[in-house]
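Structure first, then comments.
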């Protein structure tokens with residue numbers, strides 16, 4: 001009789017352990033706000049993280065002075081954002097999978113403006129140009 005009780009208890013414990021581990025493995029991931037300092041301080045990220053990748057709104061600062069503020073998806077620039085180069089130029093507009101793609105405005109170091117459509121990092125169409 002006692003062996004049967006031990007077996008029932010062992011089976012219940014096994015079922016409970018399986019349920020707990022299944023819940024842990026299948027629970028939905030959450031978006032969290034994080035502050036990361038990476039590569040010995042060469043990269044600083046403040047923003048939303050989902051499944052251990054930059055996802056959502058955030059800002060990225062590099063040791064060389066380059067900065068990006070905007071939307072990230074799967075760790076890459078994706079959506080609306082502003083990239084400011086340490087060399088004095090900046091791009092404000094749409095990014096897709098880390099590339100300048102879509103409507104945007106590039107302002108050079110000498111304040112020349114290229115505004116219009118960009119595709120895969122290349123300027124395609126002019127809406128307005130200033131010197």
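Since every read-out is calculated from the coordinates, none of them should be taken as a lab result. Predicted, not measured: the structure shown is a model, and the values here were computed from it. A quick note on method: Cβ atoms are made from the backbone with ideal geometry, for glycine too, and the neighbour counts reach across all protein chains shown.
Structural remarks
- Those residues of segment 95-113 which are in a strand (DSSP E or B) and without any contact (Cβ under 8 Å) to a residue 24 or more places away in the chain, in sequence order: 96, 99, 100, 101, 102, 103, 104, 105, 106, 107, 113
- Tally of residues being loosely packed, with under 11 Cβ neighbours inside 10 Å and closer than 19 Å to residue 79 by Cα across segment 5-31: 0
- Filter result for residue 50 (surrounded by 15 or more Cβ atoms within 10 Å (Cβ to Cβ), under 30 Å from residue 88 (Cβ atoms) and touching a strand residue (DSSP E or B) at 6+ places or on another chain (Cβ under 9 Å)): no
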